[in-house]
Amino acid sequence: MGEAGLNAPPSRAEISGLVLAGGQALRMGGIAKGLAPLQGRPLLAHVIERLAPQVARLAINANRPEYGAFGLPLVADVVGGFAGPLAGLHAGLLACTTPWLVTAPCDAPLLPHDLVARLAQSASPPGGLPSGRRQRRLFVATSPRGPEPGFMLAHVELAPALGEWLQNGGRKARDWLAAAGACEVAFADGTAFANINTPDELARLQTTVATQSPAA
């Protein structure tokens, strides 16, 4: 990609989406977390509903076949051993057919409707970049809770470096984000990034969704 292309915000047509559902969900009793019901529908269905309109195409990072029922391409981890969300990002970058890939966890059904637009806009600051400077290739959402490493926008050129980092034993998302020079994009609503790790958290979210006013 030429320097001019790297100085412009990526358009929706240049961004693919990946729902991260490759974990073992041990705290959920080993069930496929994205299939846990929220208001009568699987968690993953809520995530797809919010993310699909924001991207050119959508896939699911999954290491179990149950997720094939959603009719989207499944992308399995290339790095074995359930290496975490970064392994999902890595596999997604390798399979991506657009220059950019955005991720969202399968257990975050309230993700912002403007997630991708906000991350993409941050990829090109007002007025563009000074001549000779390259656009950053990694962006992560932050909320009042802190960094939200499941919500990333990454350029496909990051795949080799991320793969090497994982092969060398790297696992913690925040460590890689820092090492890769990720740009933080602030979101004010921490509730939008609420995710589910236990049955109790799912029960609490049922109440949140039931009382939440419809999104604009």
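The values are calculated or read from the model by the stated rules, or taken from the named source; none is laboratory data. A quick note: this is a predicted structure, and the numbers were derived from the prediction, not measured. Virtual Cβ from ideal backbone geometry, glycine too; neighbours counted across all protein chains shown. Note: areas computed on protein heavy atoms with side chains; ligands, DNA, RNA excluded. Shrake-Rupley method; radii C 1.70, N 1.55, O 1.52, S 1.80 Å.
Which far-off residues, 5 or more places away or on another chain, put their amide H under 5 Å from the one on Cys183, with H placed in the peptide plane?
Close amide H contacts, sequence-distant or interchain: Leu138, Phe139, Val140.
Quote the accessible area belonging to Thr207 in square angstrom, nearest 10, computed with a 1.4 Å probe and with ligands, DNA and RNA left uncounted.
For Thr207, solvent-accessible area is about 90 Å².
Where does the chain land at 222 nm, in deg cm²/dmol rounded to the nearest 500, when only DSSP H runs of n ≥ 4 count, each adding -39500 (n - 2.57), divided by all residues? Each step should come with its number before you reach the end.
On the way: 7 runs with 61 residues, N = 216.
Theoretical 222 nm ellipticity from helices: -8000 deg cm²/dmol.
Out of every Cα pair in the chain, what percent are spaced more than 31 Å from each other?
16 percent
Could you give the spread of the C-alpha atoms of segment 49-163 along their three principal axes, from largest to smallest, in whole angstroms?
Principal extents (largest minus smallest coordinate, Cα): 47, 31, 28 Å.
Using θ = phi - 60° and the Karplus relation 6.51 cos²θ - 1.76 cosθ + 1.60, list the HN-Hα couplings for segment 179-193 in order, rounded to whole Hz, with x at every Gly or Pro.
For segment 179-193, the Karplus-derived couplings read 5, 8, x, 5, 8, 8, 10, 7, 10, 7, 9, x, 4, 4, 9 Hz, x marking Gly and Pro.
Just to be sure I understand: of the beta bridges DSSP finds with both ends in the chain, what percent are antiparallel, rounded to 5?
Details: 11 of 29 bridges.
Bridges in the chain that DSSP calls antiparallel: roughly 40 percent.
Using mean Cβ contacts within 10 Å as the protection proxy, how do 79-92, 44-57 order, highest first? Each step should come with its number before you reach the end.
On the way: 79-92: 21.3, 44-57: 18.9.
Highest-to-lowest ranking by the protection proxy: 79-92, 44-57.
Mind listing the long-range amide H neighbours of Gly17? Cut-off is under 5 Å, sequence gap 5 or more, other chains count too, H placed in the peptide plane at 1.01 Å from N.
Ala56, Arg57, Leu58, Ala59, Val102
Could you pull out every residue, at least 5 positions away or on a different chain, whose amide H is within less than 5 Å of the one on Ala76? Hs are placed 1.01 Å off N in the peptide plane, and Pro or chain starts have none.
Excluding prolines and chain starts, which carry no amide H, the hits are Ala62.
For the chain, what % of the accessible area comes from carbon and sulfur atoms, probe 1.4 Å?
Details: 5440 of 9900 Å².
Here carbon and sulfur together make up 55 percent of the probe-accessible area.
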